[in-house]
Amino acid sequence: MKIKVLMADDHALFRDGMRYVLQQLADEVEILDSGNFQDALQLVHDNPDVDLALLDLNMPGSEGVPSIQFFHLRHPDIPLVVVSGSDHRDDIESVMESGAMGFISKMSSSKIMLSALRMVLEGGVYLPPQLLQQAVNNVDQGESLSSKRSQRAAKFGLTSRQLEVLTYLASGLANKEISKRMNLAEGTVKIHTAAVYQALHANSRLEAVSAARRLGFLPPAPNDTEGN
């Protein structure tokens, strides 16, 4: 497996440390290194086959969240992860709303960073557990859980809103489509999705849906038959 990663951060020491983490993502990892936002834009323009982008929230040439949104709008198909020293809830929610698929604290261990990046590469959404709860507490939790399936989900800490997101994930809808169906901001959908992954110890949509079906708070897959 070979991947190409864009890493933009103005701290050379941090970039050196991240190289060790990134090299563990695949058999062959090409790292595009930048110390400012403008160079990062040029690098990704010259390398449209980038598989993953890691951007510092605050670095020379960056305006913070607006720059994250700008990058995502120009390169919507590149999974974007913000790596930041900030742990403010507002920053997290704004970053996820601006198109990021993950938010990693610079205080995280290399093991956690590696796990988070793998999750995003597999199509998942990542937020640090200690910051995820803050974000979840700030978004609409939905109505109380009443059905048997909902009550099972509640035992795992899932709200009705998160169970609804999980149901749409199982049907194959993308985050943008889910946000329209539920009349929620896309960033809020991502936060709920990250909460679902954490509750079910899943690293991807497939793992989350499979776990939910196995635990009984999603119906079996249409092609599942008794005894399989």
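Taken together, the values in this text are just the output of simple stated rules run on the coordinates, not laboratory data. It should be emphasised that the depicted structure is a prediction, and the values quoted were computed from it without experimental measurement. Cβ atoms come from the backbone with ideal geometry, glycine included; neighbour counts cover every protein chain shown.
Overview of results
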read-out	value
Charge context of Ile3, other residues only, Cβ under 13 angstrom, K/R +1, D/E -1	-3
Test item: Cα-centred dipole of the stretch 139-215, Lys/Arg +1 and Asp/Glu -1 on Cβ, debye	280 debye
Cα centroid separation, the stretch 21-49 to the stretch 173-208 (Å)	27 Å
Magnitude of the charge dipole, the chain, Cβ model with Lys/Arg +1 and Asp/Glu -1, debye to 20	1080 debye
Highest-fluctuation residue, Tyr126, Tyr168, Tyr197 considered, GNM on the chain with Cα pairs under 10 Å	Tyr168
Positive-end residue, the chain charge dipole about Cα centroid, Cβ charges, pick of Leu55, Ala208, Pro128	Ala208
Ser98, Ser171, Ser150 arranged by Cβ crowding within 10 Å, fewest neighbours leading	Ser171, Ser150, Ser98
Alpha-carbon spread of the stretch 25-107, three principal axes, descending order, Å	34, 25, 22
Ranking of His192, His88 by count of other Cβ atoms within 10 Å, fewest first	His88, His192
Radius of gyration and Dmax over the Cα atoms of the stretch 51-92, both given in Å	10.2, 27
Order of Ile178, Ile78, Ile68 under a 10 Å beta carbon neighbour criterion, fewest first	Ile78, Ile178, Ile68
Spread of Cα-to-Cα distances over 10 Å intervals beginning at zero, given as percent, for the stretch 139-215	20, 58, 22
Surrounding net charge for Phe70, when Lys and Arg each add one and Asp and Glu each subtract one, Cβ distance under 14 Å	-1
Value of Rg to Rh for the chain (Rh from inverse mean 1/r over Cα pairs, i.e. Kirkwood)	0.99
Among Ala202, Ala40, Ala12: highest mean-square fluctuation, GNM of the chain, C-alpha pairs under 10 Å	Ala12
